[in-house]
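The values are calculated or read from the model by the stated rules, or taken from the named source; none is laboratory data. These figures come from a predicted structure and were not determined experimentally. Neighbour counts are summed over all protein chains in view; Cβ atoms, including those assigned to glycine, are modelled from backbone coordinates with ideal geometry. Ligands, DNA and RNA are stripped out before the accessible areas are found, and what is left, the full protein with its side chains, is counted by its heavy atoms. Shrake-Rupley method; radii C 1.70, N 1.55, O 1.52, S 1.80 Å.
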Amino acid sequence: MSASDRLRLFALGATADLGAAVAAALGRPLAAHEEREFEDGEHKARPLDPVQGADVFVIQSLHGGPIASANDKLIRLLFFIGALKDAGAARVTAVAPYLCYARKDRRTKPHDPVATRYVAGLFEAVGADAVVTLEVHNPAAFENAFRRRTVALTATPLFVDHLAGEPDGRLCVVSPDAGGSKRAEMLRQALEAARGQPVANAFAEKHRSAGVVSGELFVGDVGDATAIIVDDLISTGTTLLRTARAARQAGARRVIALVAHGLFIAGAEPVIADPAIDRVVVTDTVPPFRIAPGRARDKIVVLPSAPLLAEAIRRLHENRPLTDLMVF
């Protein structure tokens, strides 16, 4: 069996559209599988194409909704990985563009769970050989939680391509909290290289306790600049709005948010519609199904993640480096 013949790409039903797009970008068909539902809520999935000795990649984005919870999607992915290993797959890589429970990577209260580590244990228990995700909340915690290979892709190449059409003018990349400074600096450097001109940086202070966000400090010069707020995800959007308003008060001319995963849970719609924010750019790892057509939805730009995911899968299959995709 040639290296090309050994590649099998599956996409579970909840991520069928993204899976089809990745397959098209790879120039390969999705492998066939069966998913069945039972009356009591249990389910099963099995490969229909042979996987003996194959290098298998399974795509399943682990966000909640619109038809299944994050828990349900996770358990379906785990069981399918187990079935693939039982069927003789030589290597199975889970491609979870949005990885659930990645935000709970440390204890912030006594006796807190460290859910990221527990999820890692589940992937290891069913035999996953590697886990790939996009713009994980904390790359270091993600890598340290697993005893298998981890690949934390960044959305930076997608965002830089999107901003290529921005008119000349002063840009300032803003991190909405100190924890996101590394992500912001990576984008700032990539933008500077792509545009051939200096790009400034700034950050906003943020503290969270019992769901309440506080912090007033804003550091950086955004005067007469387009402020580019970069983050891994939008939930309610309150952090984004606080940062956008702070940037406006500091003199920003425009505010664009670049966020990999748009969860847009209840309360996000009026936040996105606020005039402090000009545009919100997300990827299709989580479709913006919670935002109804209207003023907020008109501000949202959805970038396809399939080309980036497909290139990562191709290189992993061919055992080629990922460094120029900004994966280290």
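Computed quantities for the displayed model
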| read-out | value |
| --- | --- |
| Estimated FRET transfer efficiency (Leu48, Leu322; beta-carbon r; R0 22 Å; 0.05) | 0.10 |
| Spin-label pair Asp274/Asp221, simplified geometry with 7 Å Cα→Cβ offset, distance in nm | 2.7 nm |
| Selection of trypsin sites (Lys or Arg not before Pro), the range 127-191, meeting DSSP coil and at most 12 other Cβ within 10 Å | Arg147 |
| Relative contact order [Cα under 8 Å, 6+ residues apart], the chain, whole percent | 13 percent |
| Two-site label geometry, Val301 and Gln189: point separation in nm, points 7 Å out along Cα→Cβ | 2.4 nm |
| Cα-only radius of gyration and Dmax that characterise the range 216-328, units Å | 16.3, 50 |
| Ala16/Arg149 FRET efficiency (R0 25 Å; Cβ-Cβ; nearest 0.05) | 0.45 |
| Debye log10 I(q)/I(0) at q = 0.18, 0.28 Å⁻¹ for the range 2-54, Cα point scatterers | -0.66, -1.13 |
| Among 80-86, 258-264, the order from most to least packed when residues are scored by Cβ within 10 Å on average | 258-264, 80-86 |
| Structure-based [θ]222 nm, the chain - -39500 (n - 2.57) summed over DSSP H runs of at least 4, per residue, nearest 500 | -9500 deg cm²/dmol |
| Loop-located GluC sites (Glu not before Pro) in the range 1-83 whose Cβ has at most 16 other Cβ within 10 Å (DSSP) | Glu39, Glu42 |
| Per residue solvent-accessible surface (Å²) - the chain, probe of 1.4 Å | 45 Å² |
| Within the accessible area of the chain (1.4 Å probe), percent carbon and sulfur | 53 percent |
| Nearby aspartates and glutamates by direct alpha-carbon distance to Lys104 (threshold 13 angstrom, same-chain neighbours under 8 apart not counted) | Asp112 |
| The range 1-74: chymotrypsin sites (Phe, Trp or Tyr not before Pro) in DSSP loop, at most 11 other beta carbons within 10 Å | Phe38 |
| Listed values [x] 18.9; [y] 17.5; [z] 25.6, entry calculated as mean projected area of the Cα convex hull in nm² | [y] |
| Along principal axes, Cα extents of the range 19-100, largest first, whole Å | 33, 27, 18 |
| Estimated FRET transfer efficiency (Arg290, Phe38; beta-carbon r; R0 30 Å; 0.05) | 0.55 |
